[in-house]
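Accompanying notes for the structure given below.
The values are calculated or read from the model by the stated rules, or taken from the named source; none is laboratory data. Since the model is a prediction, treat every value here as computed from it, not as a measurement. No Cβ is skipped: glycine too gets one built from the backbone with ideal geometry, and neighbour counts run over all protein chains shown.
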Amino acid sequence: MSKLYSSAENFLQYGLGYALFYESKVVSEAYAHIGQGFAEISIRTDPEYRKQGYAQLVCNDLINELLLHYTCSKVWQSSLSTGDKLAKDK
């Protein structure tokens with residue numbers, strides 16, 4: 001995330017994120033870049049913890065916080081699939 005925002009201050013101004021920890025390890029995280037009425041969401045789950053619903057947990061909390069329409073690039077099929085599942089669960 002530091003490469004995208006270059007500083008914690010920039011992230012606090014233009015981003016929002018949630019993370020799920022196990023002990024001191026980030027298991028899954030979802031964060032959004034916010035601008036021009038849209039939020040670009042990125043989701044990452046440690047390969048060791050995938051297929052356990054953790055991405056859905058953090059993404060659901062993020063989307064509820066954003067109160068914006070969820071959009072994502074079709075290039076990232078896993079993000080699109082998670083977004084579709086969350087939309088159907090509402």
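Filtering the stretch 17-49 to residues that are small (G, A, S) and either in contact with a Gly (Cβ under 7 Å, 6 or more places away or on another chain) or over 16 Å from N60 (Cα atoms) (or both) leaves S24, A30, A32, G35, G37. For the residues A32, A8, the requirement of being at pLDDT 85 or above and hydrophobic (A, V, I, L, M, F, W, C) singles out A32.
Consider the stretch 1-57 and keep the residues that are part of a loop (DSSP other than H, G, I, E, B) and of a type in the set (G, A, S). The one that is nearest to the chain's Cα centre (by Cα) is G53.
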